[in-house]
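Structure record follows, encoded as structure tokens.
The values are calculated or read from the model by the stated rules, or taken from the named source; none is laboratory data. Computed from a prediction, not measured in an experiment: that's the story for all the values here. Virtual Cβ from ideal backbone geometry, glycine too; neighbours counted across all protein chains shown. The area values use the complete protein model at the heavy-atom level, side chains included, leaving out ligands, DNA and RNA. Shrake-Rupley method; radii C 1.70, N 1.55, O 1.52, S 1.80 Å.
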Amino acid sequence: MKMEIDENRLPYRTTNNAPPMLDIHATAGDCIALPYNFLEMVQHNPSDALLLTFAICEVRIVGRNLSGLYSSLVQHRVEFIQENDAKYEKMDDKKPFISRIEIKPISTGLELIVNGFKSEREPLA
């Protein structure tokens, strides 16, 4: 059963229970879930992005005010993340906002059937 994207356009949701997988949603509706037990490294550069390195792919999360997301990812407490159209962004807001998520397979043998996470896709509105 597909999880519905949060009505409030939350960039992510945390839980007290460690979920087995991180559920990732693109604005266009494409989804992918990656197992936390394959998460090898989480990097955070507040002026650039978050970079998650899984055994099979890299996930680049671009946005602002993502320090809380970083802390929750390190503890494996994030249920889902989702990017949002710019129309939902409030520049004066101190809340986290995810403007883009890109997924790049590490293995040449891995092909993603979801297009919503490719770096060469059209910029978000």
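Normalising the average separation of contacting C-alpha pairs (under 8 angstrom, six or more residues apart) by the number of residues puts the relative contact order of the chain at 30 percent. Using the Cβ-Cβ distance between Leu10 and Leu110 with R0 set to 30 Å, the FRET efficiency works out to roughly 0.55.
Pairs of Lys residues in the chain, spaced 8 or more positions apart or belonging to different chains, with C-alpha separations under 23 angstrom: 5 in total. Spin-label model, Ala33 to Val74: label points 7 Å out along the Cα-to-beta-carbon direction sit 2.7 nm apart. Basic side chains Lys and Arg get +1 at the Cβ, acidic Asp and Glu get -1 at the Cβ, and with that the dipole of the chain about its Cα centre reaches some 240 debye. Given the alternatives [x] 0.96; [y] 0.93; [z] 1.05, Rg/Rh (Cα atoms, Kirkwood Rh) as computed for this entry is given by [y].
Counting 0.36 nm for each residue step from Glu40 to Ala55 and taking away their Cα separation leaves a gain of 4.7 nm.
Counting only heavy atoms of the protein chains, get the accessible area per residue of the chain (1.4 Å probe) and round it to a whole Å² value. So the chain comes to 60 Å² accessible per residue, rounded to a whole number.
The peptide list 78-87, 100-109, put in order of mean Cβ contacts within 10 Å with the highest first, becomes 78-87, 100-109. With θ set to phi - 60° and the Karplus curve 6.51 cos²θ - 1.76 cosθ + 1.60, what are the ³J(HN,Hα) couplings of the stretch 14-24 in order, to the nearest whole Hz, using x for Gly and Pro? Computed from phi, the couplings for the stretch 14-24 are 10, 9, 7, 8, 6, x, x, 9, 9, 8, 10 Hz. The packing ranking of peptides 31-38, 49-56, highest mean first, is 49-56, 31-38, where packing means the average number of other beta carbon atoms within 10 angstrom of each residue. Computed from the Cβ-Cβ distance with R0 of 25 Å, the FRET efficiency linking Asp48 to Ala86 stands at 0.85. For the chain, the fraction of 1.4 Å probe accessible surface lying on carbon and sulfur atoms is 50 percent. Electrostatic bookkeeping for Ser72 treats Lys and Arg as +1 and Asp and Glu as -1; over the other residues with beta carbon under 14 Å from its beta carbon, the sum is 0.
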